[in-house]
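One structure below.
The values are calculated or read from the model by the stated rules, or taken from the named source; none is laboratory data. If you're wondering where the values come from, they're calculated on a predicted model, not measured in any experiment. Backbone-built Cβ (ideal geometry, glycine too); neighbour counts: all protein chains shown.
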Amino acid sequence: MDQKQQVIDTLSKVLSNELNSAEIAQMIEVPKTSDLGDYAFPTFMLAKLRHQAPQQIASDIVAQLDQSAFEKVQATGAYVNFFLNKAAYSADVLQDILTKQQHYGDANVGKGGNVTIDMSSPNIAKPFSMGHLRSTVIGNAIANILTKVGYHPIKINHLGDWGTQFGKLMVAYMKWGNEAEVKQDPINTLLKYYVRFHREAEDDPALNDEARLWFKKLEDGDEKATYLWKWFRDESLKEFKRIYDELGIDFDHYTGESFYNDKMQAIVDELKQKHLLEESRGAQIVDLDKFGLNPALILKSDGATLYITRDLATATYRYNTFHFVKSLYVVGMEQEGHFKQLKAVLSLMGDEWAKDIQYIGFGLITQNGKKLSTRKGNIVLLENVLQDATKLALDQINAKHPDLPNKDEVAHDVGVGAVIFHDLKNNRLDSFDFNLEEVVRFEGETGPYVQYTNVRAQSILRKAGIKHIAPDTALQLSDANAWDILKLLGDYPATVLRANNEYEPSVIAKYALHLAKAFNKYYANSKVLVDDDEKNARLALVESVSIVLQNALALLGVKAPAEM
Ligand code: ARG
């Protein structure tokens, strides 16, 4: 079935003395243009081994190998070019997709192993900004991709629900707050207190001391402090959950920072016992010089724990609880150094599983070139963005398809899907600018464009009066116009594996855009519904495109409406 494997096997038979299949596999290229065939094998390496001209070798290989499985094989310069047999290839690929449906591209490289994913992890009592969106949707897409290739992902929301900011909030609330106002609009109100605290503390530094005192009370279990903390946390969580519902994303655990309060002492003891702690100006540190990293600050001089102390406890807890084969952290680039330190300390502690910790960074979202930040009040609330996106989607539906039933639901799927898709189509490490009008357009490199292409495929099938093409029917397609689509379809399983290896959902998003583009081009040039010998195969192609587009969107966490 695998066409590349066919090429490898054919070459192996004539080159077995010089190269093994793995080496051949690595050397095979996909030519830039289809007039050079579908796969190409360069002969430069053999030229060195044989001390011969590469052109000569290319034509020798063509003369020797078995061409019967291919449309043709030819030597062009230093390359051996393979042209696949289109009819046979199309029948193979289409049959595979029609048989497996949404399971096309499934793999079992994960063998059911647990993978924890630390994702989203917003800080309590602060708004869920566009910045948090990235960790949430990238983490979710990675979880979907992991499931597809046979892992068992465990999505953990490591809420920032502990720390000195709670001291600040308590002080602000007691000075300027009122309960009704918080209940009415929790996050905005808490944010307002937080911003005001920072403003006032600039002129009145004593406020900071008060905040420290209240945080200390919280740590000591003071009743009032605990009550306020819990209340702020509950109200914030309610709002976060509303946003996750909008996005269609859920979590397996909401174990935040506070969950590890009673699990840090054991780590500190272990570090001590393993002689890894050193005193430095009153603080306790782990020296990471030999890793080329700054020392990890484990305890402040007053005995207070730090962010990394908590993450050491977190990582250890996760290993002991889930025995993960991999542990992922989807967190913004500014924390890359922190996760390097974390991994280094764990490996010093002798935790063999530290090597399975994988930090997954991502770039910033900017607006008009400026960074989005929460502290200064220069924030874009994700919820507003999703609402605006839905409105824009509805406008376009009203223009194109005014009598569509359940318009609001579709507009929601399109608007929210557009925001998610836009986030995922960029290489995750790249920063990108966010312009809502661009993001929600039905044409161009957008989520709605992919959704719309699927809708178009579905409507062709409806017009043909057909739901599914049976996999055991005539599926040979010789139409050269369909060739780009067929090759893309055949490439989907490898694409999923690549996205998995690179923790890169953009591989799937870009693939979906290519496939959608190839399909729209095909549709503009070929008449699918004409009655001839290949009509069944053409409909199978249309259904296969729809199946794969839906699957790709599902991996990204984007809905695929049947009509829009
Ligand atoms: N709450 C943190 C923040 O918003 C992210 C937490 C990431 N996860 C972790 N285990 N440190 O910056």
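Please list, ordered by first then second residue, the pairs with beta carbon atoms under 6 Å, 6 or more apart or interchain, first in region 253-271 and among the hydroxyl-bearing types (Ser, Thr, Tyr), second within 13 Å of the ligand (Cβ to nearest atom).
Filtered contacts from region 253-271: 254/157; 258/161; 258/162; 260/310; 260/313; 260/314.
Taking the options 348, 328, 271, 297, name whichever one is of a type in the set (A, V, I, L, M), within 13 Å of the ligand (Cβ to nearest atom) and either at pLDDT 95 or above or in contact with a His (Cβ under 6 Å, 6 or more places away or on another chain) (or both). Quick ask: steps written out before the conclusion?
On the way: 348 fails: within 13 Å of the ligand (Cβ to nearest atom); 271 fails: within 13 Å of the ligand (Cβ to nearest atom); 297 fails: within 13 Å of the ligand (Cβ to nearest atom).
On inspection, the qualifying residue turns out to be 328.
Scan (1) modelled with pLDDT of 95 or more; (2) not in a helix (DSSP H, G or I) for the single condition residue 221 breaks and write down its number.
So residue 221 meets the others, but not (1).
Looking at 152, 158, can you tell me which residue is closer than 30 Å to residue 501 by Cα and either within 16 Å of the ligand (Cβ to nearest atom) or in contact with a Pro (Cβ under 7 Å, 6 or more places away or on another chain) (or both)?
Details: 152 fails: either within 16 Å of the ligand (Cβ to nearest atom) or in contact with a Pro (Cβ under 7 Å, 6 or more places away or on another chain) (or both).
Of the residues listed, the single one that is closer than 30 Å to residue 501 by Cα and either within 16 Å of the ligand (Cβ to nearest atom) or in contact with a Pro (Cβ under 7 Å, 6 or more places away or on another chain) (or both) is 158.
Show the residue pairs that are 6+ apart or on different chains and have beta-carbon atoms under 7 Å apart, the first residue being within region 138-150 and without any contact (Cβ under 8 Å) to a residue 40 or more places away in the chain, the second being buried (at least 23 other Cβ atoms within 10 Å of the Cβ) and β-branched (Val, Ile, Thr).
From residues that are without any contact (Cβ under 8 Å) to a residue 40 or more places away in the chain, the pairs are 143/117.
Give region 36-72 a look and list any residue that's crowded, with 17+ Cβ neighbours inside 10 Å, over 20 Å from residue 488 (Cβ atoms) and in contact (Cβ under 8 Å) with a residue 40 or more places away in the chain, or say none.
Across region 36-72, the qualifying residues are 41, 61, 65.
Applying the selection to region 445-460, what residues are out of contact with any Pro (no Cβ under 9 Å at 6 or more places or on another chain), farther than 23 Å from residue 244 by Cα and either among the polar types (S, T, N, Q) or modelled with pLDDT under 95 (or both)?
453, 458, 459
Kindly provide the set of residues from region 180-197 that are out of contact with any helix residue (DSSP H, G or I) (no Cβ under 7 Å at 6 or more places or on another chain), closer than 27 Å to residue 259 by Cβ and either of a type in the set (A, V, I, L, M) or at pLDDT 90 or above (or both), ordered by number. First the steps, then the outcome.
First, pick out the residues of region 180-197 that are out of contact with any helix residue (DSSP H, G or I) (no Cβ under 7 Å at 6 or more places or on another chain): 180, 183-185, 188, 191-192, 195.
Pick out the ones that are also closer than 27 Å to residue 259 by Cβ and you get 183, 188, 191.
Once the filter is applied, which keeps residues that are out of contact with any helix residue (DSSP H, G or I) (no Cβ under 7 Å at 6 or more places or on another chain), closer than 27 Å to residue 259 by Cβ and either of a type in the set (A, V, I, L, M) or at pLDDT 90 or above (or both), region 180-197 yields only 191.
Which residue out of 230, 216, 238 is touching a residue at least 24 places away in the same chain (Cβ under 8 Å) and more than 17 Å from residue 299 (Cα to Cα)?
Working: 230 fails: touching a residue at least 24 places away in the same chain (Cβ under 8 Å); 216 fails: more than 17 Å from residue 299 (Cα to Cα).
One residue alone meets the criteria, 238.
Quick one: which residue in 233, 242, 310 is closer than 30 Å to residue 555 by Cβ and either of a type outside the set (Val, Ile, Thr) or at pLDDT below 95 (or both)?
Working: 233 fails: closer than 30 Å to residue 555 by Cβ; 310 fails: closer than 30 Å to residue 555 by Cβ.
After applying the criteria, what remains is 242.
For the structure I just gave you, tell me whether residue 386 is surrounded by fewer than 18 Cβ atoms within 10 Å (Cβ to Cβ) and either touching a residue at least 60 places away in the same chain (Cβ under 8 Å) or assigned to a helix (DSSP H, G or I) (or both).
no
Per-residue answers, yes or no, for (1) surrounded by 15 or more Cβ atoms within 10 Å (Cβ to Cβ); (2) closer than 30 Å to residue 115 by Cβ:
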{"residue": "188", "(1), (2)": "no, no"}
{"residue": "193", "(1), (2)": "yes, no"}
{"residue": "203", "(1), (2)": "no, no"}
{"residue": "216", "(1), (2)": "yes, no"}
{"residue": "228", "(1), (2)": "yes, no"}
{"residue": "237", "(1), (2)": "yes, yes"}
{"residue": "251", "(1), (2)": "yes, yes"}
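Report the residue count in region 161-193 for those that are within 14 Å of the ligand (Cβ to nearest atom) and out of contact with any Asp or Glu (no Cβ under 6 Å at 6 or more places or on another chain). Break it down into steps so the answer makes sense when it comes.
In the first step, residues of region 161-193 are kept if they are within 14 Å of the ligand (Cβ to nearest atom); the result is 161-166.
Filter once more, so that each one left must be out of contact with any Asp or Glu (no Cβ under 6 Å at 6 or more places or on another chain): 163-166.
Number satisfying all stated conditions: 4.
Within region 461-487, track down each residue that is in contact with a Leu (Cβ under 8 Å, 6 or more places away or on another chain), modelled with pLDDT of 95 or more, loosely packed, with under 14 Cβ neighbours inside 10 Å and not small (Gly, Ala, Ser).
Answer for region 461-487, where residues must be in contact with a Leu (Cβ under 8 Å, 6 or more places away or on another chain), modelled with pLDDT of 95 or more, loosely packed, with under 14 Cβ neighbours inside 10 Å and not small (Gly, Ala, Ser): 463, 468.
How many residues does region 389-433 hold that are in contact with a helix residue (DSSP H, G or I) (Cβ under 8 Å, 6 or more places away or on another chain) and assigned to a helix (DSSP H, G or I)?
27
State which residue is nearest to residue 12 (Cα to Cα) when the search covers only region 74-86 and only residues that are out of contact with any Gly (no Cβ under 6 Å at 6 or more places or on another chain) and buried (at least 17 other Cβ atoms within 10 Å of the Cβ). First the steps, then the outcome.
Initial filter on region 74-86 (out of contact with any Gly (no Cβ under 6 Å at 6 or more places or on another chain)): 74-80, 84-86.
Within this subset, residues satisfying the condition of being buried (at least 17 other Cβ atoms within 10 Å of the Cβ) are 75, 78-80, 84-86.
Numbers: 75: 17, 78: 18, 79: 16, 80: 13, 84: 17, 85: 19, 86: 22 Å.
My answer is 80.
What number goes with the only condition from (1) crowded, with 19+ Cβ neighbours inside 10 Å; (2) away from the ligand (no atom under 12 Å from the Cβ); (3) closer than 21 Å to residue 230 by Cα; (4) at pLDDT below 90 that residue 130 does not pass?
So the condition that residue 130 fails would be (3).
Could you identify the single residue in 154, 142 that is surrounded by fewer than 23 Cβ atoms within 10 Å (Cβ to Cβ), among the aliphatic types (A, V, I, L, M) and under 32 Å from the mean Cα position of the chain (by Cα)?
On the way: 142 fails: surrounded by fewer than 23 Cβ atoms within 10 Å (Cβ to Cβ).
After ruling out the rest, the residue left standing is 154.
Given the criterion modelled with pLDDT of 95 or more and aliphatic (A, V, I, L, M), identify the matching residue among 30, 7. Walk me through how you get there before you give the answer.
Numbers: 30 fails: modelled with pLDDT of 95 or more.
After ruling out the rest, the residue left standing is 7.
Wholly within region 254-359, which helices (runs of 4 or more DSSP H) include no fewer than the required count, namely at least 1 residues that are on the phi > 0 side of the Ramachandran plot?
none
Which pairs have Cβ atoms under 9 Å, sit 6 or more apart or on different chains, and link a residue in region 307-331 that is closer than 23 Å to residue 265 by Cα and among the basic types (Lys, Arg) to one that is within 10 Å of the ligand (Cβ to nearest atom) and part of a helix (DSSP H, G or I)?
Final answer for the pair search is 310/257; 310/260.
Test residue 215 against the stated conditions and say whether it is at pLDDT below 95, under 35 Å from the mean Cα position of the chain (by Cα) and part of a helix (DSSP H, G or I). Explain how you work it out, then say what you get.
Numbers: at pLDDT below 95: yes; under 35 Å from the mean Cα position of the chain (by Cα): no; part of a helix (DSSP H, G or I): yes.
In short, no.
Being touching a Lys or Arg at 6+ places or on another chain (Cβ under 9 Å), of a type outside the set (Gly, Ala, Ser) and surrounded by fewer than 16 Cβ atoms within 10 Å (Cβ to Cβ) is the filter here, so list the residues in region 264-312 that pass it.
Within region 264-312, 291 is the sole residue that qualifies.
Quickly run through region 310-325 and pick out the residues that are away from the ligand (no atom under 13 Å from the Cβ) and of a type in the set (S, T, N, Q). Spell out how you get there, then give the answer.
Our first condition is that a residue be away from the ligand (no atom under 13 Å from the Cβ); within region 310-325, this holds for 319-325.
320, 321, listed by residue number.
Any idea which of (1) over 30 Å from residue 396 (Cα atoms); (2) more than 25 Å from the chain's Cα centre (by Cα); (3) aliphatic (A, V, I, L, M); (4) crowded, with 17+ Cβ neighbours inside 10 Å is the one residue 499 doesn't satisfy?
(2)
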